[in-house]
1. Could you tell me which of the residues Y231, Y196 is hydroxyl-bearing (S, T, Y) and modelled with pLDDT under 95?
2. Please state which of the following conditions L25 fails to meet, knowing it meets all the rest: (1) touching a residue at least 60 places away in the same chain (Cβ under 8 Å); (2) surrounded by 18 or more Cβ atoms within 10 Å (Cβ to Cβ).
3. Quick check on my filter: what residues within the range 225-269 are assigned to a loop (DSSP other than H, G, I, E, B) and over 19 Å from V42 (Cα atoms)?
4. Restricting to the range 90-121, count the residues that are polar (S, T, N, Q) and in contact with a Phe, Trp or Tyr (Cβ under 9 Å, 6 or more places away or on another chain).
5. Which of the strands (runs of 3 or more DSSP E) contained wholly in the range 77-137 include at least 3 residues that are in contact with a Gly (Cβ under 9 Å, 6 or more places away or on another chain)?
6. Does K161 satisfy being among the basic types (K, R), surrounded by fewer than 22 Cβ atoms within 10 Å (Cβ to Cβ), modelled with pLDDT of 95 or more and part of a helix (DSSP H, G or I)?
7. What pairs can you find where one residue is in the range 224-239 and more than 11 Å from S256 (Cβ to Cβ), the other is among the basic types (K, R) and surrounded by fewer than 22 Cβ atoms within 10 Å (Cβ to Cβ), and their Cβ atoms are less than 8 Å apart, with a gap of 6+ or different chains?
8. Just to be sure I understand, how many residues within the range 270-317 are in a loop (DSSP other than H, G, I, E, B) and either at pLDDT below 95 or more than 15 Å from the chain's Cα centre (by Cα) (or both)?
Amino acid sequence: MKVILVSRFGGPEVLELKETPLPQLRPASVLIAVKAAGVNPVDTYLRAGSFGYQPNLPFIPGIDGAGIIEEVGEGVSKFHKGQAVFFQGVLGSYAQYIVCPEDRVFELPQGFSFSQGAAIGSPYATAYHALFQCAGAEAGQTVLVHGASGGVGIAAVQWAKSRGLRVLATAGTAKGKELVLDVGAEMVFNHGEEGYVNKILEYTQNQGIDIILEMLANKNLENDFSLLANYGKILVIGNRGKIEIDPRNILRKEISVIGVNLFLASSSQRKAIFAAIEAGLKNKSLWPIIRAEIPLEQAALAHKMIMEGGATGKIVLII
């Protein structure tokens with residue numbers, strides 16, 4: 001089968017198209033013919049060797065995907081051959097086939113493409129984990145989604161809107177702002193414009209924000225302190241560097257800064273997350289937006305694109 005293989009850590013150029021044997025089916029698992037693989041920022045960190053804990057070399061990147069079940073292993077009763085599914089949290093989705101444990105696989109509802117299926121797993125699970133399990137978000141609160149035009153940002157806007165939160169957001173381009181408004185934000189600000197913090201505060205009549213979902217903490221964290229109401233929470237989902245902060249800005253409002261790591265979600269949390277996702281897909285309150293579909297052999301291009309600004313949806317690899 002064709003796969004993208006990482007044999008050494010480095011830049012996008014280390015992503016190589018290779019031929020490998022099909023993976024071996026195991027009990028309580030299914031063999032999936034992958035049709036699309038989601039591209040996430042974490043894929044680039046693992047490829048570069050900068051994530052903190054790394055897979056052994058060589059490895060096939062990618063933790064999200066969608067496709068058709070080819071074969072079911074011993075003990076599997078939930079799925080059958082020919083069923084359309086998506087999966088999350090199984091390394092190796094940049095490949096024509098993957099073996100996934102049954103509990104990491106979910107039915108892809110009718111009306112969703114394989115590309116949309118590949119865009120569900122990590123973005124929607126991360127946004128739910130951040131909002132409701134880490135922050136305890138409740139209807140009526142005001143949430144600000146920073147960098148809301150990317151995969152996790154769109155998911156967060158849809159989740160928050162569906163659960164009765166007041167949703168404000170930021171995006172870096174006019175196209176991104178338009179997209180975020182379309183998926184449910186009340187107001188979108190350009191985080192690249194000078195004075196955007198004051199504009200957000202004015203919009204809230206200086207009441208501030210209850211919860212901020214932060215996709216680029218090294219750039220925005222200090223500004224976030226100014227935006228929060230007393231007892232506000234910052235959920236750090238993404239970061240690409242170090243930053244110097246004044247802890248007094250945390251103390252004076254009793255702010256909580258919380259790191260979000262989906263890999264640390266407990267078994268019970270994962271069950272709750274994906275039960276909510278399946279319900280949201282069925283009632284159409286969740287609907288992934290695809291920015292680009294890129295052939296598997298151009299995975300390096302996808303990795304370059306996802307690290308650039310101006311996101312307008314999810315990047316997926318077509319297999």
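The values are calculated or read from the model by the stated rules, or taken from the named source; none is laboratory data. Bear in mind the structure is a predicted one, so any value in this text is a computation, not a measurement. Glycine also receives a Cβ, built like all others from the backbone with ideal geometry; neighbour counts cover every protein chain displayed.
1. Y196
2. Among (1) touching a residue at least 60 places away in the same chain (Cβ under 8 Å); (2) surrounded by 18 or more Cβ atoms within 10 Å (Cβ to Cβ), L25 violates only (2).
3. Matches in the range 225-269: I243, E244, I245, D246, P247, R252, K253, E254, I255, S266.
4. 2
5. Hits in the range 77-137: 84-88, 97-101.
6. Answer is yes for this residue.
7. Qualifying pairs under 8 Å: F225/K253; A229/K253; N230/K253.
8. 10
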